[in-house]
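Here is the structure we will look at.
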Amino acid sequence: MRSMVRETTLSVDRLIAPVFLMEGSGIERPIEAMPGQVQLSVDRLDGWVEKLARSQVRAVLLFGIPSRKDPEGSEAWRDDGVVQRGIARLKSLSPELVVFTDVCLCAYTDHGHCGRVRDGKILNDETLPLLAKVALSHARAGADFVAPSDMMDGRVGAIRDSLDGEGFGDVGILSYAVKYASAFYGPFREAAQSSPAFGDRRTHQMDPANLLEALEEARLDLEEGADLLMVKPGLPYLDVIREVKRTFRRPLVAYCVSGEYAMVKAAAAKGWLEEKAVALEILTSLRRAGADLIITYWSLDVAEWLTQEAG
Ligand code: PBG
């Protein structure tokens, strides 16, 4: 009876599974601060895709870890870069898989910032053409959606123009529209090797204290051509998810980030929390708040848990 009157449902077709791709071969390296997650080389995607197919998770979000970094992050737009090869591999293994790619420079620049830097400053406008080049190279490789996470102003418009100009009008943009300067990204920066060498990301990521600004960021990105909006992190920002959903009534994605995952994992390892129950509660709450889709490191586990519960 309880399940018959349930107002919110969680199902695997609402989930997007992140994956970290590394240069090299035969690599499947556990990420210490994110137990259960690994960095994979492209040749190891086969096994992972089989697991995805079994779990019926149908969407993935790719992050790349290049072997060479430079001030501009030029590895990010190479046609044979790690993400570009990863997209091609995924599409050949599983053409139906929906492939999202993270578009940012922080894992590719030697200073670890999300854009061009001069005199210790991140240069918004000069970064836009670089991001457009990255997005275009992902589209050429076969990505369905590009997901700019850099938070430079105007990047959605710049990416849309360059995709349309090159005949990729059907490649969508999932905008990290509302991305807070959050301490919850700590474990991810180990996973993606993307910590800034100096300073932080507060000049372009949002102040956690702001809600009206979130609506403004979302509005601008929609005007510039975003197809899907994201709020990130998830759990500490349920009110933001609710407000963005109510205001714009567009498909909304919540990113349940590395720190949310890591804190549950750590408490569960101590026997202080029950991982499955807590994770399902968090993800259901994100859906209740207004998220249509959820990016989560628990994607494959959820698939298994839901099957268990149904059985
Ligand atoms: C890259 C990026 C970050 C995350 C997604 N894309 C890190 C950051 O902005 O520093 C965080 C994801 C997570 O914590 O799970 N800009």
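From the list 262, 254, pick out the single residue that is hydrophobic (A, V, I, L, M, F, W, C), in contact (Cβ under 8 Å) with a residue 24 or more places away in the chain and open to solvent by less than 10 Å² (accessible area, probe 1.4 Å).
When all the criteria are applied, what remains is 254.
Mind checking whether some residue in region 173-185 is within 13 Å of the ligand (Cβ to nearest atom), surrounded by fewer than 22 Cβ atoms within 10 Å (Cβ to Cβ) and free of Cβ contacts under 8 Å to residues at least 60 places away in the same chain?
Yes, some residue in region 173-185 is within 13 Å of the ligand (Cβ to nearest atom), surrounded by fewer than 22 Cβ atoms within 10 Å (Cβ to Cβ) and free of Cβ contacts under 8 Å to residues at least 60 places away in the same chain.
Would you be able to say whether some residue in region 252-261 is assigned to a helix (DSSP H, G or I) and closer than 20 Å to residue 152 by Cβ?
Checked region 252-261: no residue is assigned to a helix (DSSP H, G or I) and closer than 20 Å to residue 152 by Cβ.
Mind checking which residues of region 295-311 are in contact (Cβ under 8 Å) with a residue 12 or more places away in the chain, more than 16 Å from the ligand (Cβ to nearest atom) and open to solvent by 30 Å² or more (accessible area, probe 1.4 Å)?
Answer for region 295-311, where residues must be in contact (Cβ under 8 Å) with a residue 12 or more places away in the chain, more than 16 Å from the ligand (Cβ to nearest atom) and open to solvent by 30 Å² or more (accessible area, probe 1.4 Å): 304, 306.
Looking at region 95-114, which of its residues are part of a loop (DSSP other than H, G, I, E, B) and within 11 Å of the ligand (Cβ to nearest atom)?
Passing the criteria: 104, 105, 106, 107, 108, 112, 113, 114.
I'm trying to understand the selection: among the residues of region 197-213, which are in a loop (DSSP other than H, G, I, E, B) and either surrounded by fewer than 16 Cβ atoms within 10 Å (Cβ to Cβ) or more than 15 Å from the ligand (Cβ to nearest atom) (or both)?
Of everything in region 197-213, those that are in a loop (DSSP other than H, G, I, E, B) and either surrounded by fewer than 16 Cβ atoms within 10 Å (Cβ to Cβ) or more than 15 Å from the ligand (Cβ to nearest atom) (or both) turn out to be 197, 198, 199, 200, 202, 203, 207, 208, 209, 210, 211.
The rows are residues; the columns are (1) open to solvent by 10 Å² or more (accessible area, probe 1.4 Å); (2) touching a Pro at 6+ places or on another chain (Cβ under 8 Å); (3) more than 15 Å from the ligand (Cβ to nearest atom); (4) aromatic (Phe, Trp, Tyr).
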site	(1), (2), (3), (4)
164	yes, no, yes, no
170	yes, no, yes, no
192	no, no, no, no
195	yes, no, no, no
215	yes, no, yes, no
220	yes, no, yes, no
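For region 222-246, name all the residues that are away from the ligand (no atom under 12 Å from the Cβ), in contact with a Phe, Trp or Tyr (Cβ under 8 Å, 6 or more places away or on another chain) and either at pLDDT below 95 or among the small types (Gly, Ala, Ser) (or both).
none
The values are calculated or read from the model by the stated rules, or taken from the named source; none is laboratory data. Everything numeric here is computed off the predicted structure, so don't read it as measured data. FYI the Cβ positions are ideal-geometry reconstructions off the backbone, even for glycines, and counts take in every protein chain you see. The accessibility values were calculated without ligands, DNA or RNA, using every heavy atom of the protein model including side chains. Shrake-Rupley method; radii C 1.70, N 1.55, O 1.52, S 1.80 Å.
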